[in-house]
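Okay, structure first, notes after.
The values are calculated or read from the model by the stated rules, or taken from the named source; none is laboratory data. Bear in mind the structure is a predicted one, so any value in this text is a computation, not a measurement. Reconstructed Cβ throughout: ideal geometry from the backbone, glycine too, with neighbour counts over all protein chains shown.
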Amino acid sequence: MPRRKVTGTDAKEISIARDTTAYAIEPGHPALPPDVRFPVKYHEVKAVIDNIGHITYTCYPSLRIGHIEMVNVEPHYRKQGFGSKLVQFAIDDMRKKGIVKISASILSKEGLRLLKAHGFSFVDDLMEKLC
């Protein structure tokens, strides 16, 4: 039986599946500036829409920076607004937490278009957005 086309407005609300607080003890994350002093506290968040897709992002509150790690939408739900809804959720959540700069790693042409639509631009090897 074919799936009914679901749009971003039809989906249930986004929910937080995981919100973990930890401390990075050494360099290595692409969002962190080279002069950061370790350990540094961070929150890793995974938000989901039903079984349609999810976004994973990391916030560094003391540095006021965040990083979108991954946006994934199931193939048959793509190009229906779900990726955009997830990215906007992450941006809004990071702003509430005091984040003023968000970066993202891009692995696909679709991801590039999605982030550009939300105001991200290339800075070095990452895409960034000032909030």
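Scanning the range 26-35 for residues that are out of contact with any Lys or Arg (no Cβ under 9 Å at 6 or more places or on another chain) and crowded, with 16+ Cβ neighbours inside 10 Å turns up HIS29, LEU32. Of the residues in the range 28-38, not one is in a strand (DSSP E or B) and either modelled with pLDDT of 80 or more or touching a strand residue (DSSP E or B) at 6+ places or on another chain (Cβ under 6 Å) (or both). Applying the set (1) part of a loop (DSSP other than H, G, I, E, B); (2) closer than 15 Å to ILE16 by Cα; (3) not aliphatic (A, V, I, L, M) to SER62 leaves exactly one unmet item: (2). The number of residues in the range 49-70 being of a type in the set (A, V, I, L, M, F, W, C) and surrounded by fewer than 16 Cβ atoms within 10 Å (Cβ to Cβ) comes to 1.
With respect to the conditions (1) within 25 Å of VAL40 (Cβ to Cβ); (2) touching a strand residue (DSSP E or B) at 6+ places or on another chain (Cβ under 6 Å), ASP93 lacks only one, and its number is (2). Test GLY53 against the stated conditions and say whether it is modelled with pLDDT of 85 or more, within 22 Å of GLU128 (Cβ to Cβ) and in contact with a Lys or Arg (Cβ under 9 Å, 6 or more places away or on another chain). It is false that GLY53 is modelled with pLDDT of 85 or more, within 22 Å of GLU128 (Cβ to Cβ) and in contact with a Lys or Arg (Cβ under 9 Å, 6 or more places away or on another chain). Residues in the range 76-131 that are in a strand (DSSP E or B), of a type outside the set (Lys, Arg) and surrounded by 15 or more Cβ atoms within 10 Å (Cβ to Cβ): ILE102, SER103, ALA104, LEU126, MET127, GLU128. Taking the numbered list (1) farther than 16 Å from PHE120 by Cα; (2) modelled with pLDDT under 95 in turn, GLU69 passes all entries but (1).
Here is a check on your reading of the model: is VAL73 crowded, with 20+ Cβ neighbours inside 10 Å and free of Cβ contacts under 8 Å to residues at least 24 places away in the same chain? Break it down into steps so the answer makes sense when it comes.
Details: crowded, with 20+ Cβ neighbours inside 10 Å: yes; free of Cβ contacts under 8 Å to residues at least 24 places away in the same chain: yes.
Here the answer is yes, as VAL73 does meet what is asked.
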